[in-house]
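Nothing in this text is a laboratory measurement; each read-out follows from the coordinates by a stated rule. Bear in mind the structure is a predicted one, so any value in this text is a computation, not a measurement. Note: ideal-geometry Cβ built from the backbone for every residue, glycine included; neighbour counts use all protein chains shown.
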Amino acid sequence: MTTLTLAKALNEGLRRSMEADSKVLVMGEDVGKLGGVFRVTDGLQKDFGEDRVIDTPLAESGIIGTAIGLALRGYRPVCEIQFDGFVFPAADQIITQLAKMPLRSLGHVKLPVVIRIPCGGGIGAVEHHSESPEAYFTHTAGLRVVACSNPADAYSMIQDAVRIDDPIIFFEPKRRYWDKAEVDLSAPGLPLDRARVVRQGDDVTLLAYGPMVKTCLEAAAAEEGRSIEVIDVRSLNPLDSGVLAESVRRTGRCVVVHEAPVFNGYGAELAARLTEMCFYHLEAPILRVGGFSTPYPPSRLEDHYLPDLDRVLDAVDRVFAY
Amino acid sequence: MTASPELVQLLTPEGERVEHPDYDIELTAEEVRSLYRDLVLVRRVDLEAVSLQRQGELGIWASLLGQEAAQIGSGRAMAETDMAFPTYREHGVAWCRGVDPLYLLGLFRGVHNGGWDPYEHNFGLYTIVIGAQTLHAVGYAMGVQRDGAETATIVYFGDGATSQGDVNESFIWASVTNAPVVFFCQNNQWAISEPLEKQTRIPLYKRASGFGFPGVRVDGNDVFACLAVTRKALADARAGQGPTLVEAFTYRMGAHTTSDDPTRYRMAAELEAWKLKDPIERVKAYLFKNQLADQAFFDKVDEEADQLGRDTRRRCLELPDPEPVAIFENVYSGPHATLEEERDQYASYLAGFAE
C-alpha cells in the first residue's frame, strides 16, 4: 500500500497506462513541461518524451479534433481539458464527431479517446473554473461518462478508461485532488462501469459521484439515529442501475446529491429511473440536492451553492417527513 | 479567370497545354484518357443521384457538378497509403479511393451514415459539420509522424469552411507540428448563398502565409494542374516539408444541394461564363486535337457512363431499409445495459403488432 493524493494516483495510473501501451499519448495545454496546472501529468513528459506527452496549442477544439485523428491512426490519446468551463469550445468535436463516428462507420472505427476534465467547485476559483457539466455528456449517446471520487479509484479507473475502446469523459473532482488515501498499486480495481456501495446502511440511500461522495460520507457519519447507505455511482453512462435499485428497494428512501444544478441535472435521470424500478418499495419520492438552477456563483457565495453536510442531512430529514 | 502568375494552369479551357515554371506533368495518352474517363463517370453518377433525389429516392444530394477536375486531379495524386478526409461532396475523390458510390447514395437515402471502412479505402467518413475534419486530418498526420511513416494526409473543405474556427486551428496545429498534411480547399465561390467576399478579403491561398506554410492557387477546372499541384504538395508532406494549402479555384455549377435554389442569389451570366471553363470539355478537346483518342473512345466512355448510371440507380433502389433494431448497434464498442434494455423493449413492442 502506498499513500497517494488523488492527483498523484491519477499520475501513477497514467504512468502505468503509458508503460503498458506505447500507443497511449497524453495531450493538452500545459501538460508537458509544467505537468498540468494541477500537476496530474507531472514528470510524464520527462520520462516518455515530447512525442507522447504533447503540449498542445491553446485550442480545445483542436485538442479533441486532433485526438480523433490520432485515434484513427491507432493511438490512444488521453486529453486534458484544463478546467470544466473550458470544454465548450470542443463541444462539436466531442458531441458530433467523437461520440458518433464509430456508429457512423458501422463499427469499422473505434475511438479510444479519454477526455480528462477537472470538475466542480469549492476551491475559491474565478468564474468558469468550478462547473459540473456532466449532464451535457451523459445526454450524448456514444460517450461513456465516469467520475472518480478517491485516490484508489482514480488510479484504477484512469487505467481502465485508457484500455476501453469507447470515447470517455473522465471527471476528476478538483477539490479532492489533494485528498490522501492508501492505494494498493497492484490490486485490480472495481470494473469501470460498476457502482460501489461505499457505506452500508438500512434507512436511506444517498447516491453521489465525484466530489459529493466524500460529502455524503461525512453526512452519513454525522447523522444520529438513522442508518445511511452511500453509493458512489462512478459510471454515469453506462449506469450500474442494478446496484442502485437493490439498495433503494431495501431502504425505501433515496436522495441524489450532485454539485450541478438540480433542474434537468443527472439526478433527474437517477430519480426517474429508480422510481420506475423501485416504485412499490419507495416510502417517499426520491429527492435531489444540488446546485441551484443558476450559473455557478462568485466564489464568496459558493458555500451557499454547493451541497454540504447540512444540506444533505436536511434532505434526509425531508425524505423521512413523507 | 485566366492563367496568371498566381494561378497554376496546365490546360486551358480550350484544351491547349501550357507550361508552368514550378509545376509540370508528363502524362501518357493512356493516363489522359483514364483521367477523362474518371471525370465523365463521376459526373454521370452525380447526375443519376440528382435524378434519384428528384424522384424521391434520396432525401437530399450535394452535387459535385463543375468540381470534377479538382476532385479527380487531387484524388488521383494520392498514393495508396495516403489518407483523405472529405466533406460531404467529395464523390469524385471517393471514386478515386475505390469507395462504391452505393455507400454515398445510402447515406443520402438515409439507410446509414456512410458506413464504408475508412481503413479499407484510406478515405474518412463524410463530414457534414463544416470544417471539423481538418483537425482529424492533422491528428492523423501527427500519428503518421509518430509512426515514422512516409504517408501524406489530404483534407478537403470549401471556401465557406475557411471561416470556421476548426479550420484555422488545424492550420495552426499543422504549422507548429510540421504535420504531413495537404489542405485542399475547393473554392467553388459559393457557400450556399454567400459569395466568397462574405468569407474573405484576400485570396484564400494567401491565408497560408500567415500560418507559416506555402499556399498555392490552382485552376480547379484543370485536371492536369490539380494533379500536378497536389502531387507535389503530397510529396512535400511525405518528405517532411510540412503542410501546404492548395486553393482549387472552381465553381459550383449546380445548387448547394438539391434543396437549394441558386437562382435566388446568383446571376445566370456567371454560370454561363463558367460553362466555358468546363473541366471535362477541355480534356476532350485536348485528346481530340492531339489525336490521342478517337470518336470510338468517347462513345465507349459515354456508354460505360450510362451503364454505371443505370447500375447505380438499380442498386440504390434495391437498398433494403435497415432493421429497426439496427438503431442500437455500434453506438458503443460493446454491450451497453441501457441500450440493450431499450432495444429489447422496442423489439417486443414491435412484435406486439404481429399478433
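Hey, what's the per residue convex hull volume over the C-alpha atoms of the protein assembly as shown, in cubic angstrom?
Details: hull volume 116.6 nm³, N = 677.
So the per-residue Cα hull volume is 172 Å³.
Give me the percent of DSSP beta bridges within the protein assembly as shown that run antiparallel, rounded to the nearest 5.
20
Using alpha carbon centroids, what distance separates the stretch B:310-354 and the stretch A:49-85, in Å?
Centre-to-centre distance over Cα atoms comes out at 34 Å.
Calculate, for A:Ala222 and A:Asp55, the FRET efficiency according to 1/(1 + (r/R0)^6) with r their C-beta to C-beta distance and R0 51 Å; round to the nearest 0.05.
Efficiency for this residue pair is about 0.70.
Hey, how many Å between the Cα centroid of the stretch A:153-195 and the Cα centroid of the stretch B:21-77?
For the stretch A:153-195 versus the stretch B:21-77, the Cα centre distance is 51 Å.
Helix B:68-77 versus the longest principal axis of chain B: what angle, 0 to 90°, nearest 10, using Cα atoms?
Tilt of helix B:68-77: around 90 degrees.
Using a basic spin-label model with each label point 7 Å from the Cα along Cα→Cβ, how many nm lie between A:Met277 and A:Ala141?
2.0
Suppose the chain between A:Ser22 and A:Trp178 were pulled fully straight at 0.36 nm per residue; how much longer would it get relative to their current alpha carbon spacing? Working shown, then result.
Numbers: separation 156, 0.36 × 156 = 56.16 nm, distance 2.89 nm.
So the extension gain works out to 53.3 nm.
What distance in nm separates the two pseudo spin-label positions at B:Val129 and A:Asp42, each 7 Å out from Cα along the beta-carbon direction?
In this crude label model, B:Val129 to A:Asp42 measures out at 3.5 nm.
If you filter the stretch A:194-253 for GluC sites (Glu not before Pro), then keep DSSP loop positions with at most 14 other Cβ within 10 Å, what is left?
On the way: sites: A:Glu218, A:Glu223, A:Glu224, A:Glu229, A:Glu246; in loops: A:Glu223, A:Glu224.
When the GluC sites (Glu not before Pro) of the stretch A:194-253 are filtered for loop state and at most 14 Cβ neighbours within 10 Å, A:Glu224 remain.
Where both residues lie in the stretch B:73-222, what percent of DSSP beta bridges are antiparallel, nearest 5? Working shown, then result.
Values: 2 of 12 bridges.
About 15 percent, rounded to the nearest 5.
Antiparallel versus total DSSP beta bridges in chain B: what percent is that, nearest 5? Mind showing how you got there, number by number?
Numbers: 4 of 26 bridges.
Antiparallel bridges make up about 15 percent of those DSSP assigns within chain B.
Would you be so kind as to identify which of B:Leu47, B:Val138, B:Gln307 lies farthest towards the positive end of the dipole of the stretch B:29-322, taking Lys and Arg as +1 and Asp and Glu as -1 on Cβ and the Cα centre as origin?
B:Val138
Shape of chain A from its Cα gyration tensor (a ≥ b ≥ c, root eigenvalues): rounded if a/c is under 1.5, otherwise prolate when a/b > b/c, or oblate? Can you show the working numbers first?
Details: a/c = 1.73, a/b = 1.62, b/c = 1.07.
Verdict is prolate for chain A.
Once you sort the root eigenvalues of the Cα gyration tensor of the stretch B:29-322 as a ≥ b ≥ c, which label holds: rounded (a/c under 1.5), prolate (a/b larger than b/c) or oblate (the other case)?
On the way: a/c = 1.35, a/b = 1.30, b/c = 1.04.
Note, shape of the stretch B:29-322 comes out rounded.
Would you mind giving the mean number of other chain beta-carbons within 10 Å of the Cβ of each residue in A:56-64, as a whole number? Spell out each step's value before the answer.
Working: counts 3, 6, 2, 8, 1, 9, 11, 4, 4.
Counting other chains' Cβ atoms within 10 Å and averaging over A:56-64 gives 5.
Quick check for me: using +1 on Lys/Arg Cβ and -1 on Asp/Glu Cβ, what's the dipole size of chain B about its Cα centre, in debye to the nearest 20?
Details: 33 positive and 53 negative charges, 191 e Å.
It comes to approximately 920 debye.
Among A:Tyr177, A:Tyr266, A:Tyr136, which comes first, second and so on when ranked by fewest other beta-carbon atoms within 10 Å?
On the way: A:Tyr177 20, A:Tyr266 27, A:Tyr136 17.
Neighbour counts put them in this order, fewest first: A:Tyr136, A:Tyr177, A:Tyr266.
Just from its helices, what would the mean residue ellipticity at 222 nm be for chain B, if runs of 4 or more DSSP H residues each count -39500 (n - 2.57) and the sum is divided by every residue, rounded to the nearest 500 deg cm²/dmol? Mind showing how you got there, number by number?
Details: 13 runs with 166 residues, N = 355.
Taking each H run of at least 4 residues, the total per residue is -15000 deg cm²/dmol.
Please compute, over every Cα-Cα pair in the stretch A:145-284, the percentage with a separation greater than 17 angstrom. Each step should come with its number before you reach the end.
On the way: 5789 of 9730 pairs.
Across the stretch A:145-284, Cα pairs with separations above 17 Å total 59 percent.
If you keep only loop residues by DSSP, which GluC sites (Glu not before Pro) in the stretch B:49-95 have at most 10 other Cβ atoms within 10 Å of their Cβ?
Numbers: sites: B:Glu57, B:Glu68, B:Glu80, B:Glu90; in loops: B:Glu57, B:Glu80, B:Glu90.
Within the stretch B:49-95, the qualifying GluC sites (Glu not before Pro) (loop, at most 10 other Cβ atoms within 10 Å) are B:Glu80.
How high is the relative contact order of chain A, in percent, counting Cα pairs under 8 Å that sit 6 or more residues apart?
Numbers: 720 pairs, mean separation 51.6, N = 322.
Rounded, it is 16 percent for chain A.
Using only the C-alpha atoms of the stretch A:90-141, find the volume of their convex hull and express it per residue in Å³. Don't skip to the end; give the middle numbers.
Details: hull volume 4.0 nm³, N = 52.
About 77 Å³ per residue, rounded to a whole number.
Mind putting a number on the dipole of the protein assembly as shown about its Cα centre? Charges go on the C-beta only, +1 for Lys and Arg and -1 for Asp and Glu, and I need it in Debye to the nearest 20.
Here the size comes out at about 520 debye.
Tell me, what is the percent relative contact order of the stretch B:29-322, built from C-alpha pairs under 8 Å that lie six or more residues apart?
On the way: 541 pairs, mean separation 74.4, N = 294.
It comes to 25 percent, rounded to a whole number.
Using a simple spin-label model with points 7 Å from Cα along the Cα→Cβ vector, what separation in nm is obtained for B:Glu281 and B:Ala351?
6.3
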